[in-house]
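Undergrad: Attaching a single structure in structure tokens format; questions to follow.
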Ligand SMILES: [Zn+2]
């Protein structure tokens, strides 16, 4: 298994990421987008720097986990 050391890289919307957070059944590759829910948008308007992501299936419409912490995803080298 490859270990990536690019986790300090900024994740931009649409980046391919590897999810390794608390939802084990969702571990794997996803596209990361800013979490679109009202909770996260409200936090953003308050200026809370705790940016959360929503994950979407890059090959379909499968919904992934929401409110994903930055620490739970790693930018994939495959998107370079
Ligand atoms: Zn959210």
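Coordinate-derived values only; no laboratory data. Because the structure is a prediction, the values reported are computed rather than measured. Quick reminder, even Gly has a Cβ in these numbers, built from the backbone with ideal geometry, and neighbours come from all protein chains shown.
Undergrad: Over the range 20-76, what is the relative contact order in percent, taking alpha-carbon pairs closer than 8 angstrom and at least six residues apart?
TA: 39 percent.
Undergrad: Per-residue ellipticity at 222 nm for the chain, helices alone: DSSP H runs ≥ 4 residues times -39500 (n - 2.57), over residue total, nearest 500 deg cm²/dmol? Write out the running numbers ahead of the final one.
TA: Values: 1 runs with 9 residues, N = 80.
So the helix-based figure for the chain works out to -3000 deg cm²/dmol.
Undergrad: Working out 0.36 nm times the residue gap between residue 77 and residue 23, then minus their Cα-Cα distance, what length gain in nm do you get to one decimal? The partial results should precede the final answer.
TA: Details: separation 54, 0.36 × 54 = 19.44 nm, distance 2.19 nm.
Here the answer is 17.2 nm.
Undergrad: Oh, and also: Which of 25, 72 comes first, and how do the rest follow, when ranked by fewest Cβ neighbours within 10 Å?
TA: Least crowded to most crowded, the residues run 25, 72.
Undergrad: Taking the Cβ of each residue in 66, 46 as the centre, tally the other Cβ atoms inside 10 Å and list the residues starting with the fewest.
TA: On the way: 66 14, 46 7.
Fewest-to-most ranking of 66, 46: 46, 66.
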